[in-house]
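Following: one structure in structure tokens, then a few remarks.
The values are calculated or read from the model by the stated rules, or taken from the named source; none is laboratory data. Here the structure is a predicted model, which is why all the values come from computation and not from measurement. Here the Cβ is made from the backbone with ideal geometry for all residues, glycine too, and neighbour counts use every protein chain on show. Protein only, heavy atoms only, side chains kept; ligands, DNA and RNA dropped before computing areas. Shrake-Rupley method; radii C 1.70, N 1.55, O 1.52, S 1.80 Å.
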Amino acid sequence: MLARRNHRKSLTMKTIFLIFSLLLAPLPGVYAQSQPAADLIITNAKVWTVDKTHPTAQAVAVLGDRIVALGSNADIDAWRGASTRVIDAAGKLLLPGFNDAHVHFVSGGLQLDSVQLNDATSAAEFARRIGEQAKKTAKGEWIVGGGWDETKWDPAKLPTKELIDAVTPDTPVFVSRYDGHMSLANSVALRLAGLTAQTQDPPGGVIVRDPQHNPTGALKDAATDYVYKVIPPLSHEKRLHAVKRALAHAASVGVTSVQDMNPEYDDVAVYSELLRRGELTTRIYAAPLIAQVDDQAKLGIGHAFGGPYLRIGALKGYADGSLGSATAYFFESFTDQPNNHGLLSDEMQPLSLMRDRMMKADAAGLQICTHAIGDQGISMILDLYAELAKTHGDADRRFRIEHAQHMAAKDFDRFAQLRVIASVQPYHAIDDGRWAEKRIGHDRATRTYAFRTFLDHGVHLALGTDWDVAPLNPMLTVYAAVTRATLDGKNPKGWFPEQKLTVPETIEAYTMGSAYAEFQENEKGSITPGKLADMVLLGGDIFSIDPTQIRGVKVLKTIVDGKVVWDAGAGQ
Ligand SMILES: [Zn+2]
């Protein structure tokens with residue numbers, strides 16, 4: 001702890017010295033002699049800076065945690081000293097580190113060690129994998145996670161408890177659908193939760209039932225709480241392990257910052273513990289649930305409160321559910337479910353509950369990030385945001401709508417006027433794009449994952465994955481935004497191709513756009529002298545290769561805070 005603080009102090013002294021030497025140096029020769037040596041130089045690179053004042057370069061110098069110079073190999077060579085580490089990039093592409101604007105970091109870390117159900121291609125395979133996991137599971141432990149997706153099965157029917165009861169006679173199971181808006185419980189879990197045919201649907205939730213009115217085991221949105229509340233909380237050791245797994249995974253795919261949506265307070269405590277130990281290798285901005293607004297409001301902190309590695313000051317709310325679970329809230333019914341137009345979340349019932357929480361958050365200067373997917377859900381959140389701005393006056397709030405998937409035509413202008421950030425996940429587009437048109441019809445699909453329309457309206461985009469709903473690997477997200485080629489191979493030219501982004505637009509939204517969404521655009525998001533030294537060296541040039549190849553590009557090195565945290569060559 002102390003060593004770390006002294007290290008920081010010496011960096012500050014170095015930086016002050018640097019500024020003075022820049023100011024005092026009358027001649028280039030004198031300047032070259034008086035500047036301190038860089039700690040790290042990356043030379044012979046194709047640097048794409050995402051900084052419009054200096055878009056490309058060959059080399060970068062780093063001093064402590066900051067980028068200090070950018071230029072040609074010869075320019076940067078002047079920063080070389082006896083102890084400077086030099087990375088020869090061999091002509092490879094160097095980008096600012098990726099900033100994933102929407103993740104569920106601990107779930108992601110847990111899922112890395114949990115049963116993998118997402119690529120199970122049949123109900124039988126789904127059941128087989130759960131049975132295998134049950135054999136490895138200690139008595140009394142639950143099987144959770146999974147990320148199943150019944151749309152990959154034939155027929156694409158929701159799973160039921162009967163499918164898995166025989167292979168899990170003593171093990172409680174509560175495996176989640178990949179969108180996180182539905183889970184399947186087996187009979188053991190239903191018994192522990194006390195769920196029967198007599199149990200009522202809660203507000204904002206649905207208990208899926210058979211013709212005899214018995215629960216099938218599938219629970220939607222708020223109904224999942226019946227089971228979640230009987231699952232024992234994660235132990236500290238397990239949580240710590242999950243975070244470490246998540247940090248290592250993020251480093252390996254070039255993600256240097258994440259914005260963690262609805263963490264539990266115990267998650268933030270683990271981040272804080274790792275920060276003290278100097279073991280946090282991904283920068284984290286944590287947005288706990290808006291239901292807990294009083295805690296942060298009472299502390300008197302505002303948005304983006306904290307330090308370069310860990311910030312709080314944001315809140316995550318839910319307007320509705322998801323398209324896949326048919327709980328996203330639309331003005332009109334689903335095309336394939338004429339009696340259903342979705343479900344408002346329990347936080348929106350009554351609406352005054354959400355309004356009061358948002359008013360408190362906004363009065364305290366906290367940032368509001370609201371999950372809204374269906375067009376009416378989005379519209380209602382824009383109404384609330386407009387009301388907040390009117391009540392509390394003009395301010396730099398950076399309201400966010402998470403997902404912003406299905407827009408009403410009338411709302412793009414309003415979205416821009418209120419300066420709301422669209423925090424979007426392009427991978428969902430190539431995933432949902434397999435079946436979305438069946439659910440909402442052609443007209444609504446034209447305004448679905450409408451990234452180009454957002455940019456045309458001057459809306460700020462922040463990119464992310466929603467990991468573990470989608471993979472954390474940014475190359476899959478870039479591939480998705482640029483090609484819009486659905487995962488089933490049926491739209492090789494792109495699903496609603498007019499909404500494609502270019503590679504430079506995608507990279508900008510994934511770096512500067514995400515940094516802006518967390519009030520950090522002056523600290524990170526581009527390779528600019530003075531900013532934090534977070535960079536990623538890629539194995540392929542995503543600007544010139546065939547876009548279909550982007551998803552296979554590997555990360556060679558990930559640099560956070562001026563330190564190499566992932567080196568593919570070192571076989572970490
Ligand atoms: Zn999410």
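Some notes on this structure:
- Filter pass, D77 being within 22 Å of V564 (Cα to Cα), among the acidic types (D, E), out of contact with any strand residue (DSSP E or B) (no Cβ under 6 Å at 6 or more places or on another chain) and at pLDDT 95 or above: yes
- Meets criteria (over 24 Å from the mean Cα position of the chain (by Cα) and open to solvent by less than 70 Å² (accessible area, probe 1.4 Å)) for A59: yes
- Looking across segment 321-349, just one residue is under 21 Å from D362 (Cβ atoms) and in a strand (DSSP E or B), and that is L344.
- Residues in segment 88-107 that are touching a Ser or Thr at 6+ places or on another chain (Cβ under 6 Å) and more than 21 Å from A57 (Cα to Cα): N99, D100, A101, H102.
- Residue check for T548: closer than 20 Å to A57 by Cα and of a type in the set (V, I, T): no
Okay, residues lined up against (1) free of Cβ contacts under 8 Å to residues at least 60 places away in the same chain; (2) within 15 Å of the ligand (Cβ to nearest atom):
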{"residue": "Y427", "(1), (2)": "yes, yes"}
{"residue": "H442", "(1), (2)": "yes, no"}
{"residue": "T453", "(1), (2)": "yes, no"}
{"residue": "H457", "(1), (2)": "yes, no"}
{"residue": "P471", "(1), (2)": "yes, yes"}
{"residue": "M475", "(1), (2)": "no, no"}
{"residue": "L487", "(1), (2)": "yes, no"}
{"residue": "K490", "(1), (2)": "yes, no"}
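- Filter pass, N73 being of a type outside the set (F, W, Y) and under 29 Å from the mean Cα position of the chain (by Cα): no
- Members of segment 129-155 that are part of a loop (DSSP other than H, G, I, E, B), free of Cβ contacts under 8 Å to residues at least 60 places away in the same chain, open to solvent by 20 Å² or more (accessible area, probe 1.4 Å) and not acidic (D, E): T137, A138, K139, G140, P155
- Residue that is nearest to K524 (Cα to Cα) [pool: residues in segment 226-246 that are more than 16 Å from the ligand (Cβ to nearest atom) and surrounded by 23 or more Cβ atoms within 10 Å (Cβ to Cβ)]: V243
- Which numbered condition L192 fails, given (1) open to solvent by 40 Å² or more (accessible area, probe 1.4 Å); (2) closer than 23 Å to V469 by Cα; (3) in contact with a helix residue (DSSP H, G or I) (Cβ under 9 Å, 6 or more places away or on another chain): (2)
- Segment 370-405, subset over 12 Å from V420 (Cβ atoms) and either among the basic types (K, R) or within 16 Å of the ligand (Cβ to nearest atom) (or both), residue most open to solvent (accessible area, probe 1.4 Å): K390
- Number of the exception - G147 against (1) more than 16 Å from the ligand (Cβ to nearest atom); (2) of a type in the set (G, A, S); (3) under 26 Å from E264 (Cβ atoms): (1)
- Residues being assigned to a loop (DSSP other than H, G, I, E, B) and buried (at least 19 other Cβ atoms within 10 Å of the Cβ) - total across segment 161-183: 7
- Residue match in segment 150-167 (condition: aliphatic (A, V, I, L, M), within 16 Å of the ligand (Cβ to nearest atom) and under 17 Å from V115 (Cβ atoms)): no
- Some residue of segment 361-369 being open to solvent by less than 10 Å² (accessible area, probe 1.4 Å), in contact with a strand residue (DSSP E or B) (Cβ under 9 Å, 6 or more places away or on another chain) and in a helix (DSSP H, G or I): yes
- Which numbered condition D546 fails, given (1) under 23 Å from the mean Cα position of the chain (by Cα); (2) farther than 22 Å from R447 by Cα; (3) open to solvent by 10 Å² or more (accessible area, probe 1.4 Å); (4) among the acidic types (D, E): (1)
- Selected residue (criterion: nearest to the ligand (Cβ to nearest atom)) from residues of segment 90-143 that are among the basic types (K, R) and at pLDDT 95 or above: R129
- Any hit, segment 300-314, residues being under 30 Å from G433 (Cβ atoms) and touching a Pro at 6+ places or on another chain (Cβ under 9 Å): yes
- Identity of the residue in segment 101-125, touching a Phe, Trp or Tyr at 6+ places or on another chain (Cβ under 7 Å), touching a residue at least 60 places away in the same chain (Cβ under 8 Å) and outside any loop (DSSP other than H, G, I, E, B), that ends up nearest to A517 (Cα to Cα): V103
- Search result, residues across segment 247-298 that are within 16 Å of the ligand (Cβ to nearest atom), open to solvent by 30 Å² or more (accessible area, probe 1.4 Å) and either among the β-branched types (V, I, T) or part of a strand (DSSP E or B) (or both): L289
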